[in-house]
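Notes follow the structure.
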Amino acid sequence: ELETIKTHLDEHIQNTLNEDGCLEFIVKQDEVDECLFNVYEKFKDSDAFNSHQERVKNSHWGSITKNVKRVYKKYTTNN
């Protein structure tokens, strides 16, 4: 499963960066735990973030990562 994720990760990153409202999307594989990926994503507003979540659920990426545990720390700003 890890190799499949790594194979398709660049495509997922590019698709996300092409979304309306995506300002930043950075994914780094952890140096200690190769099964851990740290993701920093920034969207113009909560609607853009929610649209991203829906797109991912219904995408090839969503299908191949359906068993991946996701832990979010969500921050909102007034900017």
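Residues that are at negative phi, small (G, A, S) and in contact (Cβ under 8 Å) with a residue 12 or more places away in the chain: list the helices (runs of 4 or more DSSP H) wholly contained in the chain that include at least 3 such residues. Even if it seems obvious, please write down each step before you answer.
Working: elements: 2-17, 46-57, 60-64.
Of the helices (runs of 4 or more DSSP H) lying wholly inside the chain, those with at least 3 residues that are at negative phi, small (G, A, S) and in contact (Cβ under 8 Å) with a residue 12 or more places away in the chain span 46-57.
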*Do you know which residues across region 43-76 are within 10 Å of the chain's Cα centre (by Cα) and basic (K, R)?*
R70
*Does F37 satisfy being farther than 16 Å from T65 by Cβ, surrounded by 11 or more Cβ atoms within 10 Å (Cβ to Cβ) and either touching a Pro at 6+ places or on another chain (Cβ under 7 Å) or at pLDDT 95 or above (or both)?*
no
*Any idea which residue in region 40-53 is nearest to K6 (Cα to Cα), counting only those that are out of contact with any Asp or Glu (no Cβ under 6 Å at 6 or more places or on another chain) and loosely packed, with under 15 Cβ neighbours inside 10 Å?*
Y40
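The values are calculated or read from the model by the stated rules, or taken from the named source; none is laboratory data. Just so it is clear, the structure is predicted and the values come from calculations on it, not from any experiment. Virtual Cβ from ideal backbone geometry, glycine too; neighbours counted across all protein chains shown.
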